[in-house]
1. Considering only segment 96-129, how many residues are at pLDDT 90 or above and either outside any helix (DSSP H, G or I) or within 14 Å of residue 43 (Cβ to Cβ) (or both)?
2. When segment 17-35 is examined, which residues are found to be in a helix (DSSP H, G or I) and surrounded by 11 or more Cβ atoms within 10 Å (Cβ to Cβ)?
3. In segment 36-59, is there at least one residue being farther than 14 Å from residue 90 by Cα and under 17 Å from the mean Cα position of the chain (by Cα)?
4. Quick check: anything in segment 56-65 on the phi > 0 side of the Ramachandran plot, surrounded by 15 or more Cβ atoms within 10 Å (Cβ to Cβ) and not in a helix (DSSP H, G or I)?
5. Does residue 42 fit the bill of being surrounded by 11 or more Cβ atoms within 10 Å (Cβ to Cβ) and either at pLDDT 90 or above or assigned to a helix (DSSP H, G or I) (or both)?
């Protein structure tokens, strides 16, 4: 099975653009680079586990409630910051770190809608929309 199909690259690019994207991704995710990233991802997982243990230890019945979107966003943020940028941010113990807050703003669809409205105000005001 072609790994590019798993990534959904066929849906977004074709032809020369697809070849360029495949070359870029192949260079980025070589087996040696993935092996090097494993330790970083493992460290992020350990920080996440310690955070959960701390949360659970505060409750008598070992139960707690978590906002899962926020929880996994922080985990993904830590992995991206560590593996791609070499920055250790520990979003669980430092919830207001700048890397997480900026990433959250970039993925906030309200921000994107505002940007589209400003850039294409004539379309936003069109009667057919």
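The values are calculated or read from the model by the stated rules, or taken from the named source; none is laboratory data. For clarity, every value in this text was computed on a predicted model and none was experimentally measured. Heads up, the Cβs are rebuilt from the backbone with ideal geometry, glycines too, and the neighbour counts pull from every protein chain shown.
1. Of the residues in that region, 2 qualify.
2. 17, 18, 19, 20, 21, 22, 25, 26, 33, 34
3. Looking through segment 36-59, at least one residue is farther than 14 Å from residue 90 by Cα and under 17 Å from the mean Cα position of the chain (by Cα).
4. Taking every residue of segment 56-65 in turn, none turns out to be on the phi > 0 side of the Ramachandran plot, surrounded by 15 or more Cβ atoms within 10 Å (Cβ to Cβ) and not in a helix (DSSP H, G or I).
5. In short, no.
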